[in-house]
Amino acid sequence: SQKIEQNSEALNIQEGKTATLTCNYTNYSPAYLQWYRQDPGRGPVFLLLIRENEKEKRKERLKVTFDTTLKQSLFHITASQPADSATYLCALTNTGFQKLVFGTGTRLLVSP
Amino acid sequence: DVKVTQSSRYLVKRTGEKVFLECVQDMDHENMFWYRQDPGLGLRLIYFSYDVKMKEKGDIPEGYSVSREKKERFSLILESASTNQTSMYLCASSETGSEPQHFGDGTRLSIL
């Protein structure tokens, strides 16, 4: 069966450290993989998109990697800040499809 | 900036009622989506539309219908509300099916 897995346990880190979140998928052939941030009581906000032929994408303190052999994406936040505390969702689109499929998200808590 | 507006942040209805959730986007996007989000289950796609008057079933369409009479507006209808439809409902839009989605802030619907 098709699955997108993100760590359901919250990730707790100290301010200034690098946070690394994992997204694993099974039985998908994603053309694109996206990461979103969601704050409590709000809708998800798009952060980064990476295509199947890209290994890495960066935007300011954010970095995403995409390994289609391992069927995994890693999402890094460097020099993390308490304001980075939120739930982070990965989502992917199968080749030829029109819709996104979302993981359940990982909650990140950054302590001062 | 893209703005997706959902008509209500909170809504309380009774079982058996017909419920309308409205969503409007201001960026002339072709695609619009309705999701529900439940703890531990993540975002699940109910219906989506890639053009006016066009609609496609998502993963959990049972008990719901949609209407898209104008490009900017996408309505979700609960034909006869039941308690298991108590959830957070999120609307989103995108230029194409695989491009980043822009979300509204959701409607927290309670069916009593």
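For chain A, modelled as a GNM with alpha-carbon contacts under 10 angstrom, which of A:Gln14, A:Gln98, A:Gln72 fluctuates the most?
A:Gln98
What distance in nm separates the two pseudo spin-label positions at B:Thr86 and B:Asp1, each 7 Å out from Cα along the beta-carbon direction?
Between B:Thr86 and B:Asp1, the label points sit 3.3 nm apart.
If contacts are Cα pairs under 8 angstrom and at least 6 residues apart, what is the relative contact order of chain A in percent?
This gives 36 percent for chain A.
Tell me the trypsin sites (Lys or Arg not before Pro) within region B:1-106 that lie in a loop according to DSSP and have at most 13 other beta-carbon atoms within 10 Å.
Counting only loop positions with at most 13 other Cβ atoms within 10 Å, the trypsin sites (Lys or Arg not before Pro) in region B:1-106 are B:Lys3, B:Arg9, B:Arg14, B:Lys18, B:Lys53.
When a/c reaches 1.5 or more, the comparison of a/b and b/c decides; with that in mind, is chain A rounded, prolate or oblate per its Cα gyration tensor?
prolate
With +1 assigned to the C-beta of every Lys and Arg and -1 to the C-beta of every Asp and Glu, and no other charges, what is the dipole magnitude of region A:28-91 about the Cα centre in debye, to the nearest 20?
The dipole of region A:28-91 has a size of about 80 debye.
With every protein chain kept in place and ligands, DNA and RNA left out, what is the accessible area per residue of chain A? Probe 1.4 Å, answer in Å².
Ligands and nucleic acids excluded, the result is 51 Å² per residue.
Would you mind getting the accessible area per residue of region B:4-111, heavy atoms of the protein chains only, 1.4 Å probe, in Å²?
46
What are the principal axis extents of the Cα atoms in the protein assembly as shown, in Å, biggest first?
That gives 50, 38, 37 Å along the principal axes, largest extent first.
Placing unit charges on C-beta atoms (Lys and Arg positive, Asp and Glu negative, everything else neutral), compute the dipole magnitude of region B:4-111 about its Cα centre in debye, rounded to 20.
For region B:4-111, the charge dipole is close to 460 debye.
Carbon and sulfur: what percent of the protein assembly as shown's accessible surface (1.4 Å probe)?
The computed percentage sits at 47.
Let me confirm one metric for peptide A:36-42, namely the mean number of other chain beta-carbon atoms within 10 Å of its residues' beta-carbons.
Mean partner-chain Cβ count within 10 Å for A:36-42: 3.
Total Å² of accessible surface buried at the A-B contact, 1.4 Å probe, nearest 100?
The buried area between A and B, both sides summed, comes to about 1600 Å².
PRE reach from A:Arg42 (point 7 Å along Cα→Cβ): which of region B:82-112 fall under 19 Å by backbone N?
Residues passing the 19 Å test: B:88-93, B:100-108.
Between the chain alone and the structure with every protein chain in place, find the residues of region B:42-59 that drop at least 40 Å² of accessible area; heavy atoms, 1.4 Å probe.
Buried by 40 Å² or more upon assembly, which counts only protein chains, are B:Leu43.
Got a number for the accessible area of B:Ser67? Probe 1.4 Å, square angstrom, nearest 10.
40
Taking R0 as 35 Å, what's the FRET efficiency between B:Arg14 and B:Met54 from their Cβ-Cβ distance, rounded to 0.05?
Values: r = 32 Å, r/R0 = 0.91.
That pair, B:Arg14 with B:Met54, gives E of 0.65.
Kindly identify chain B as rounded, prolate or oblate by the Cα gyration tensor criterion: order the square roots of the eigenvalues as a ≥ b ≥ c, call it rounded if a/c is under 1.5, otherwise compare a/b with b/c, prolate if a/b is larger, else oblate.
Here chain B falls in the prolate category.
Return a whole-number percent for the relative contact order of region B:4-111, with Cα pairs under 8 Å and 6 or more residues apart as the contact set.
Normalised by residue count, the contact order of region B:4-111 is 37 percent.
Can you return the lysines within cross-link range of A:Lys71? Criterion is Cα-Cα under 28 Å, with same-chain partners fewer than 8 residues away left out.
A:Lys3, A:Lys17, A:Lys55, A:Lys57, A:Lys59, A:Lys63, A:Lys99, B:Lys57
As an exercise, use a Förster radius of 25 Å and the Cβ-Cβ distance of B:Asp38 and B:Arg73 to find the FRET efficiency, rounded to the nearest 0.05.
Taking R0 as 25 Å, the efficiency between B:Asp38 and B:Arg73 is 0.50.
Quick one: compute the contact order of region A:28-91, relative version, from alpha carbon pairs under 8 angstrom and 6+ residues apart, as a percent.
Relative contact order, region A:28-91: 34 percent.
The values are calculated or read from the model by the stated rules, or taken from the named source; none is laboratory data. If you're wondering where the values come from, they're calculated on a predicted model, not measured in any experiment. Note that each Cβ is placed from the backbone with ideal geometry, even for glycine, and that neighbours are counted across all protein chains shown. Keep in mind that these areas ignore ligands, DNA and RNA; they rest on the heavy atoms of the full protein, side chains included. Shrake-Rupley method; radii C 1.70, N 1.55, O 1.52, S 1.80 Å.
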